[in-house]
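Take a look at the structure set out below.
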Amino acid sequence: MLSQALTVAAFETRRKVIGWRFPLAVALALAIAAISIATGNSEYGEYGDAYLAMRPLVDSFVLVASIAAVVLGSTDLSTEFDKNTGFIMFPRSVGRTSIFAGKHLSVVALTLAVSAIYIAVMTAYGTSKGVITPTYPTAVGKMVLYALATSGAVAFISSISPTNSISTVASFLLIVVLPMVMSSTAITIDLWPSLAFSSKTITSGFMWETTVYQVPVEGGIFTSEAIPIPIVAVMTMASYFAVGTIAAATIFRYRPR
């Protein structure tokens, strides 16, 4: 089964690399990096602060990884029930488990590859400015984990979607749009089950941000913005990858065509 899964993974990876999906994901990542660098240069020129210079690049990683996962994987599983492409292209001796493993491995590997390209550009920028901060390595580790989490979430959405179009739209709204909305909104409660909320730990950890509670004289306690608890956010992102992958594999194996 392992050799079959690797064969499928190699085929899927080659198809995406020489096709439009991987080049598009890379092009979008580089475009986002260029815009973030321009913003960082402006912040650094005005304030000379290392954290402010790097923050636009750190902030934008969630968008890069989310777009990469959706572009590379949103139709990988749904297409088997929409068009049966994998069952046609591969021999009948290749089972569903091998097809799923190969396809998912390809998406994970290429999503990490796009993420690595972005992180390399970000690191080169920080190094050139001499602004690699002490919190940067931890932020990178969380970035890699978030990229894995998005691939698991996209796999699950694709496995339950009846058509490619539904899978693409649902993945885009939940994985790309929702984190953008939540990152621009002051969330006053800890929504730890949400991947979008947990992704805020990348920037908050990098910037040394924590939730600040206020106690008014009339009593009670409140906060103007909730910041994810780092260990909880890390566990949530890991769960999205593990649970999403296992659930998608189970559904893909037993779902009728």
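The values are calculated or read from the model by the stated rules, or taken from the named source; none is laboratory data. Since we're looking at a predicted model, the values are computed, not measured. Cβ coordinates were reconstructed from backbone atoms using ideal geometry, including for glycine residues, and neighbour counts include every protein chain displayed. Heads up: the accessible areas ignore ligands, DNA and RNA and are worked out on the full protein's heavy atoms, side chains in. Shrake-Rupley method; radii C 1.70, N 1.55, O 1.52, S 1.80 Å.
A few notes on this one:
- Among the residues of the range 11-39, the ones that are small (Gly, Ala, Ser) and either open to solvent by 40 Å² or more (accessible area, probe 1.4 Å) or in contact with a Gly (Cβ under 9 Å, 6 or more places away or on another chain) (or both) come to 4 in all.
- Scan of the range 148-169 for residues that are part of a helix (DSSP H, G or I) and over 24 Å from residue 238 (Cβ atoms), ordered by number: 164, 165, 166, 168, 169
- On inspection, residue 152 passes the criterion of being within 13 Å of the chain's Cα centre (by Cα) and open to solvent by less than 60 Å² (accessible area, probe 1.4 Å).
- Flag for residue 176 being touching an Asp or Glu at 6+ places or on another chain (Cβ under 9 Å), at pLDDT 85 or above and open to solvent by less than 80 Å² (accessible area, probe 1.4 Å): no
- The listed residue being touching a Ser or Thr at 6+ places or on another chain (Cβ under 6 Å), open to solvent by 10 Å² or more (accessible area, probe 1.4 Å) and touching a residue at least 40 places away in the same chain (Cβ under 8 Å), out of 157, 166: 157
- Taking every residue in the range 5-25 that is closer than 15 Å to residue 104 by Cα and pairing it with any residue that is hydrophobic (A, V, I, L, M, F, W, C) and open to solvent by 60 Å² or more (accessible area, probe 1.4 Å), at least 6 positions away or on another chain, the pairs with Cβ-Cβ distances below 8 Å are 5/105; 6/105; 9/105; 11/89.
- Residue 187 being under 17 Å from the mean Cα position of the chain (by Cα) and either at pLDDT 95 or above or open to solvent by less than 30 Å² (accessible area, probe 1.4 Å) (or both): no
- Counted as qualifying within the range 40-130 are the helices (runs of 4 or more DSSP H) with 1 or more residues that are at pLDDT below 90, more than 25 Å from residue 200 (Cα to Cα) and open to solvent by 60 Å² or more (accessible area, probe 1.4 Å), namely 78-82, 85-89, 96-129.
- Restricting the range 209-257 to residues that are of a type in the set (A, V, I, L, M, F, W, C) and at pLDDT below 80, the residue that is nearest to residue 187 (Cα to Cα): 226
- When restricted to residues that are open to solvent by 20 Å² or more (accessible area, probe 1.4 Å) and in a loop (DSSP other than H, G, I, E, B), the range 228-240 contains 1.
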